[in-house]
Every structure is written in C-alpha cells, then in structure tokens.
Amino acid sequence: MPHWSRWEKSATTLGPVGRASATVVAAMWLLGAATASPLILLLVLLVVGVNLRGIWAKGWVLLGEVTAPPASEPMSSWLRDRSEFVGTLLFAILALVAISFVRYRTRSARSIHRDHDRGRGGCLALFRRIGG
C-alpha cells in the first residue's frame, strides 16, 4: 500500500544513505562557514536550512511496479504552484542584497584607506563617501 515516509527511498527522495550523507555534507559546510565571517555564516545557514528541509521532506512511497494512467488533460492546462517560485525569488533577492553589501563594504574600505594614505583624513573620506 502506498504511504508517506521520510526514511524510505521514493521517486523524489534519496533514501536513508543519501539523506544521511547529504546532512553530513551540509553540516560540514556550515562548520566551514562558521570560521569565515558572521555574514557568510548567516547566508550559509539560510541555504543549509532550505536544503535540509528539502532533503528530509516526506516522500510518497509506492510498493511494487506501478504504471501511471494516461493523462486526461493536456499538460499546458495544469495549475502550477507558485510558492516555490516566490521562495526562490525571495532567496535570490536576499543573496543579491548580501553580495552587494559585502562588495560595497570592501570597496568603501579600500577607498578610505587609499584616501588616508594620500594624506586625507579617514573620517573626512568616510563623510564624503556617505554623501555629506
């Protein structure tokens, strides 16, 4: 009888060995990010959380060989679930903002150090950089 399972292998899940190994890889990636910086740790924590949620999702397990009945409707009329699209779009926007922030911070720090090396004050360069 078909049933939902987190542990058994299904058409859309990995099975116990795949899930355990993917969890270990995700944990190692998270530990590696913890040594880098807090911002990278935050981004990796977000990605690992989303991935672990998908890895440990329940799958519909079918016992034996089951053939699908022929489709009664054309595929173009199927309704699509927009929740995955919205989640992916929000994650992409968050990642773009975080990357832009990191690039701006490093560029600002370089220009402040360059201005300071030329004899200008660091606070004055920072004030000009902010827009004052």
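The values are calculated or read from the model by the stated rules, or taken from the named source; none is laboratory data. These figures come from a predicted structure and were not determined experimentally. Don't worry about glycine lacking a Cβ; one is built from the backbone with ideal geometry, like all the others, and counts go over all protein chains shown. All accessible areas refer to the heavy atoms of the entire protein, side chains included, with ligands and DNA or RNA removed. Shrake-Rupley method; radii C 1.70, N 1.55, O 1.52, S 1.80 Å.
Before moving on, here are some points about what is shown:
- Ile55, Ile93, ranked by accessible area, largest first (probe 1.4 Å): Ile93, Ile55
- Each Lys or Arg adds one and each Asp or Glu takes one away; over the other residues whose Cβ falls under 13 Å from the Cβ of Val17, this sums to +1.
- Applying 1/(1 + (r/R0)^6) with R0 = 35 Å to the Cβ-Cβ distance of Leu30 and His3 gives a FRET efficiency near 0.65.
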